[in-house]
Structure formats: structure tokens, C-alpha cells
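*Asks:* One structure follows; several queries about it will come next.
The values are calculated or read from the model by the stated rules, or taken from the named source; none is laboratory data. This is a predicted model, so every value here is computed, not measured. No Cβ is skipped: glycine too gets one built from the backbone with ideal geometry, and neighbour counts run over all protein chains shown.
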Amino acid sequence: MRIALCNEVIREMDFAAQCEFAAKLGYDGLEVAPFTLDENPHLLPESRRREIRRAAEDAGIAITGLHWLLITPEGLSLNTPDDSVRARTVEVIERLVGLCADLGGKVLVHGSPKQRSVPDGEEPAAWRERSLKTLTAAARAAEKAGVTYCIEPLSRHETNFVNTVADAAEVVDAIGSPAFRTMIDTSAAGLTEADPVADVVDRWMPTGKVAHVQLNDTNRRGPGQGDDKFLPILSALKRQGYQGVAAIEPFIYEPDGPATAAVSIAYIRGVLEALG
């Protein structure tokens with residue numbers, strides 16, 4: 001299991017400095033939010049892509065994948081009735097899949113709750129059908145690029161489309177692609193799932209439908225900065241033989257991003273050491 005840092009936590013640094021800082025703290029990789037690279041990250045030229053990948057290689061750290069995919073450019077939607085907007089969204093997603101592969105990443109995490117929620121008063125079935133069409137295009141692009149595209153279950157505070165791993169598993173089954181799976185975000189799972197997060201890991205990891213993990217406290221801060229106990233969660237991941245990436249993704253940075261990144265990795269490495 002490799003530990004990555006979601007790079008928006010330290011986005012005030014330039015990308016090369018992010019890589020060097022994360023590597024020095026003991027992270028194995030960076031999971032990149034595309035909006036931190038450019039307002040139109042899907043259009044980054046090959047020269048800039050090589051530069052970004054080289055910065056990670058020079059620091060001895062991996063770019064493990066992408067997340068927060070639809071923040072920029074503005075106006076994207078997974079399931080809008082507007083065909084032109086949805087076609088543009090598909091184009092952006094397909095290009096981001098290519099960006100992930102070019103940077104050496106292996107996993108894309110589709111969170112972006114505002115761009116996928118069903119508006120109040122709308123009939124969910126039609127919005128779900130359009131979502132599946134968009135995600136099918138994402139899956140086909142991921143197959144061609146040799147990466148995995150994951151739909152992220154998020155809490156009901158953030159979205160009303162795909163809240164639990166069971167919800168996500170239904171989407172995975174509907175898409176039916178080996179390149180399309182789901183993931184477990186410990187904060188969202190802690191807020192939404194009926195069972196403890198460790199039990200969710202034990203329930204869903206054996207199904208082969210979970211390809212990624214993100215670690216954060218239900219208080220939206222980093223692991224070790226709240227009341228959530230991560231030893232049972234990491235123990236379950238080890239018990240299930242998880243050998244993928246666990247990305248640390250806090251949303252509240254106190255006292256600041258670099259300090260949050262440092263505290264989080266120290267805590268997680270300490271728990272892993274205790275587990276042996």
C-alpha cells in the first residue's frame with residue numbers, strides 16, 4: 001500500500017516544490033487535482049506534461065492519479081439535459097484520462113459533487129441514465145489509456161447521486177467495464193455508511209469493485225486531526241491485501257496545508273508501523 005498526498009493541500013507551492021516537499025515528508029506519491037495545474041488542464045501541451053512528470057521523477061515521487069476532475073473548466077455536468085454541455089464534459093473527461101496516463105497516473109477519482117447532483121424536483125431516472133452514458137464514455141477512454149476510472153461515493157451533504165459503496169457498485173455493474181470501478185473515501189463513508197468504515201472495507205474489497213482509497217477524518221481534516229480511529233481501517237486494508245494507493249485528502253488545513261500534510265503522514269506511518 002502506497003501513501004499519496006492530494007496536491008491541492010500544498011497548492012501554494014509550484015509543482016516541483018510540491019513533489020520535493022511531499023517526498024521529504026515520506027509520501028510515496030501525489031494525487032493531482034487537475035485545476036491546480038491550469039484553468040484548462042485537459043488542454044495542457046505535451047511539453048508541460050513532460051515537465052510535470054519529470055518534476056515528480058526528479059523528486060523520487062510518483063504521480064498516482066487525478067481527482068476533482070470537473071472543477072475546471074467551468075460549466076461541466078455529468079448528467080445535464082443540455083446535450084452540448086454533456087458532450088463538452090465527455091470531451092474534458094476523455095482528455096483528462098489521457099492526461100492521467102501521460103503523467104504516469106493509474107487512477108482517476110470522479111468526485112465533483114456539484115457537477116453530478118440531480119436538482120431538487122427533477123426525476124432521478126433520466127438524470128441517472130445520462131450519468132451512465134457519460135461514465136460509459138469515461139470507462140471506454142480509460143480502457144484505451146490503460147488506467148482505472150473510479151466513481152466516488154460521497155456523503156449526502158455533498159450530493160444526492162452515489163452516496164454509498166453499494167450505490168457505486170450498482171453503477172460499476174451497469175457500466176460493465178474492467179476499467180471502471182469505485183473507491184472508499186473514509187470521511188464520506190464515516191458520514192454515510194450504516195456500518196463502520198473498517199467493515200465497509202471488509203465487505204467490499206473482496207468484490208474487486210474497489211480500486212482506490214482516500215483517507216480523511218469525518219471532520220474534514222487530515223487523519224489524526226479528529227476523533228476517527230484509523231487503526232481499524234488500515235488493519236482492514238492490510239487484512240484484505242490492499243496494495244493500491246491510499247491518498248490523504250483533507251479539506252480543512254489547520255494551521256496550514258504544509259503542516260496538515262506533515263501531521264497526516266506522520267500519523268498514518270505511525271499506525272502502519274504499529275500494525276507491523
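*Asks:* Which is of a type in the set (Val, Ile, Thr), at pLDDT 95 or above and assigned to a strand (DSSP E or B), of 263, 271, 213?
*Replies:* Details: 263 fails: assigned to a strand (DSSP E or B); 271 fails: assigned to a strand (DSSP E or B).
So the residue among 263, 271, 213 that is of a type in the set (Val, Ile, Thr), at pLDDT 95 or above and assigned to a strand (DSSP E or B) is 213.
*Asks:* Identify, please: which residue in region 135-144 is touching a strand residue (DSSP E or B) at 6+ places or on another chain (Cβ under 7 Å) and either touching a residue at least 60 places away in the same chain (Cβ under 8 Å) or of a type in the set (Gly, Ala, Ser) (or both) and is, among those, surrounded by the fewest Cβ atoms within 10 Å (Cβ to Cβ)?
*Replies:* The initial filter retains those residues of region 135-144 that are touching a strand residue (DSSP E or B) at 6+ places or on another chain (Cβ under 7 Å), namely 135, 138-139, 142.
Subset that is either touching a residue at least 60 places away in the same chain (Cβ under 8 Å) or of a type in the set (Gly, Ala, Ser) (or both): 138-139, 142.
On the way: 138: 26, 139: 23, 142: 25.
Among those residues, the one meeting the criterion is 139.
*Asks:* Residue 169: in contact with a strand residue (DSSP E or B) (Cβ under 9 Å, 6 or more places away or on another chain) and outside any strand (DSSP E or B), yes or no? Before the answer, list the steps.
*Replies:* Numbers: in contact with a strand residue (DSSP E or B) (Cβ under 9 Å, 6 or more places away or on another chain): yes; outside any strand (DSSP E or B): yes.
Yes: the conditions hold for residue 169.
*Asks:* Select from region 79-97 the residues that are touching a residue at least 60 places away in the same chain (Cβ under 8 Å) and either closer than 12 Å to residue 137 by Cβ or assigned to a helix (DSSP H, G or I) (or both) and list them in ascending order.
*Replies:* Step one: of region 79-97, the residues touching a residue at least 60 places away in the same chain (Cβ under 8 Å) are 79, 96.
Correct list: 96 only.
*Asks:* So the check is Cβ under 6 Å with 6+ separation or different chains; which pairs have a first residue in region 35-63 that's without any contact (Cβ under 8 Å) to a residue 40 or more places away in the chain and a second one that's part of a helix (DSSP H, G or I) and among the acidic types (Asp, Glu)?
*Replies:* 36/8
*Asks:* Tell me, which residue of region 145-166 that is part of a helix (DSSP H, G or I) and in contact (Cβ under 8 Å) with a residue 12 or more places away in the chain is surrounded by the most Cβ atoms within 10 Å (Cβ to Cβ)? Reasoning before the result, please.
*Replies:* Taking region 145-166 first, the residues part of a helix (DSSP H, G or I) are 145, 165-166.
Narrowing the set further to residues that are in contact (Cβ under 8 Å) with a residue 12 or more places away in the chain leaves 145, 165.
Values: 145: 20, 165: 28.
Restricting to residues being part of a helix (DSSP H, G or I) and in contact (Cβ under 8 Å) with a residue 12 or more places away in the chain, the top hit is 165.
*Asks:* Could you look through region 11-35, keep only residues that are among the aliphatic types (A, V, I, L, M) and surrounded by fewer than 24 Cβ atoms within 10 Å (Cβ to Cβ), and pick out the one that is nearest to residue 65 (Cα to Cα)? I'd like the intermediate steps shown before the answer.
*Replies:* So in region 11-35, the residues among the aliphatic types (A, V, I, L, M) come out as 13, 16-17, 22-23, 25, 30, 32-33.
This time we only want the ones that are surrounded by fewer than 24 Cβ atoms within 10 Å (Cβ to Cβ), so: 13, 16-17, 23, 25, 33.
Values: 13: 19, 16: 16, 17: 18, 23: 16, 25: 19, 33: 9 Å.
By that ranking, first place goes to 33.
*Asks:* Please state which one of 31, 51 is out of contact with any Leu (no Cβ under 6 Å at 6 or more places or on another chain) and more than 30 Å from residue 233 (Cβ to Cβ). Spell out how you get there, then give the answer.
*Replies:* On the way: 31 fails: more than 30 Å from residue 233 (Cβ to Cβ).
One residue alone meets the criteria, 51.
*Asks:* List the residue pairs whose Cβ atoms are under 8 Å apart, where the first residue sits in region 222-243 and is without any contact (Cβ under 8 Å) to a residue 60 or more places away in the chain and closer than 23 Å to residue 7 by Cβ, the second is in a loop (DSSP other than H, G, I, E, B) and acidic (Asp, Glu), and the two are 6 or more positions apart or on different chains.
*Replies:* That search, which allows pairs on different chains as well, returns 223/217; 224/217; 225/217; 225/254; 226/217; 228/217.
*Asks:* Here's a follow-up. Determine if region 193-200 includes at least one residue that is in contact (Cβ under 8 Å) with a residue 40 or more places away in the chain and in contact with a helix residue (DSSP H, G or I) (Cβ under 6 Å, 6 or more places away or on another chain). Steps first, please.
*Replies:* Keep residues of region 193-200 that are in contact (Cβ under 8 Å) with a residue 40 or more places away in the chain, which gives none.
For region 193-200, residues in contact (Cβ under 8 Å) with a residue 40 or more places away in the chain and in contact with a helix residue (DSSP H, G or I) (Cβ under 6 Å, 6 or more places away or on another chain): absent.
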